[in-house]
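*Asks:* What follows is a single structure, and I will ask about it in a moment.
The values are calculated or read from the model by the stated rules, or taken from the named source; none is laboratory data. Since this is a predicted model, take the numbers as computed values, not measurements. Virtual Cβ from ideal backbone geometry, glycine too; neighbours counted across all protein chains shown. Protein only, heavy atoms only, side chains kept; ligands, DNA and RNA dropped before computing areas. Shrake-Rupley method; radii C 1.70, N 1.55, O 1.52, S 1.80 Å.
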Amino acid sequence: MSTLADLGDMEPCEGTETVSVTRGADGAEGSYAVQCNLVSGDQGKLITSVDVTAPGSAAEPLQLEVTCPKQQDLHIAYEDNAKGDVTVTNKVEGDVVIGLGHGSLELAGARGEKLNLSAPAGRIDVAGLLEGDVSLLSRDGLYVQKMNSPTAQARTEGPLRAQAIYAARVDLEAGAELDVDSVHGDAYISAGGTLRIGGITGSARQLTSGGDADVHIDVVDAGAGAMRIDAGGDLKLSLADELTRPPQHLTLEATQREGAPDIENVQLLEPPSPCVDAEGYVVHRGKMTSTDGGSGDGAPARVDGKGKIDIEGAAAQRLDAFFSDRSAGRAAADEGAPTLNVRAESVGVEVLSWKDRVYRNFKAKREPCSA
């Protein structure tokens, strides 16, 4: 394994510093030409460009470890079938464009207008935050802690794992399982395997899973319109309690295999009973209903208004009081309410208060006691 490290020791220059590494596997001829250009850009910010080429027969992989000034643009390209991994040890503040032909990429984090990372024959690991217009591509998997982007795009043939994504539009595609703790924005997400979204704030425009899916929706943006979730296996859907009443009173159309358990927390609309389509799926259409005084998963029951706030009294004085006809008020509040279409082998629907959600997350993260 050949290693080139610490580009930060190089002084900014207008020329080119070239390092040739000749190291053939099993004595075979082969070399890499590594060209590092450090040029002073606007306002004194550096532009670092690293090109790795394999002009001869393929040498053994070149491990490139980059330690460079924090505020700079960073461009790294492996060309002509050059092989090797790249590790950027510090967070970069500037545009980052890295393309590898045969290798994987590790990045501490980056903040810039353009963040384009490509490892079509490897994997990408980002330990920190990506801030900017993000585009990620890999074969063997994507692992990102956080993304904050106008548009976030990530595609891999392997698994995809992220902690939090904030973007106006989120496009994610994984050939295997996909697991994201929270998504903020319009979500277009596809997983070849199982799918888990811990929370969506925005809209579930189109979610697709080749296996089972577990999705929680916290908040739906005004004017979100129709949303859709398709699962090749079973779907576990949980919704915030706010989606069971105006102005976000959700209409759910759920399609599941005939003979699957009944769907709870849904008040059916017309027709009064479910119908069966030609493929043997039962279609339910209705409005979401609120939770009762208890809560699932063994959590304590919610307070019923006996404390400082009279819940029942407050409910009687809600915005309906501004309308002479309360039914007309509800109709106005429901206008433009979101709709969600789901299809799976079986559909389970759960409505959670904010305390239920906190309890469930806490319960999921607790580690078992040692013996």
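*Asks:* By the scheme Lys and Arg +1, Asp and Glu -1, what is the net charge of all other residues having a beta-carbon under 10 Å from that of residue 88?
*Replies:* Details: positive: 91; negative: 65, 106.
With Lys, Arg at +1 and Asp, Glu at -1, the net is -1.
*Asks:* Among residues other than residue 155 whose Cβ falls under 11 Å from its Cβ, what is the net charge (Lys/Arg +1, Asp/Glu -1)? If you can, show how the numbers build up before the last one.
*Replies:* Working: positive: 139; negative: 157, 171, 173.
Counting the neighbours of residue 155, the net charge comes to -2.
*Asks:* Taking K and R as +1 and D and E as -1, what net charge do the other residues with C-beta under 12 Å from the C-beta of residue 266 add up to? Numbers along the way, then the final one.
*Replies:* Numbers: positive: 285, 287; negative: 253, 262, 264, 350.
So the environment of residue 266 carries a net charge of -2.
*Asks:* Let me ask something additional. For segment 210-262, give the percent of accessible area contributed by carbon and sulfur heavy atoms, probe 1.4 Å, rounded to a whole number.
*Replies:* Numbers: 1000 of 2130 Å².
After summing per-atom areas, the C and S share lands at 47 percent.
*Asks:* Of 287/355; 114/236; 114/355, which ones are farther than 29 Å apart at the Cα?
*Replies:* Numbers: 287/355 23 Å; 114/236 36 Å; 114/355 39 Å.
Among 287/355; 114/236; 114/355, the Cα-Cα distance tops 29 Å for 114/236; 114/355.
*Asks:* Next question. For a quick check of understanding: with a 1.4 angstrom probe and all protein chains in place, what accessible area in square angstrom does residue 359 have, to the nearest ten?
*Replies:* About 60 Å², ignoring ligands and nucleic acids.
*Asks:* For segment 226-246 and segment 123-177, what is the separation of their Cα centres, given in Å?
*Replies:* Distance between centres, Cα-based: 23 Å.
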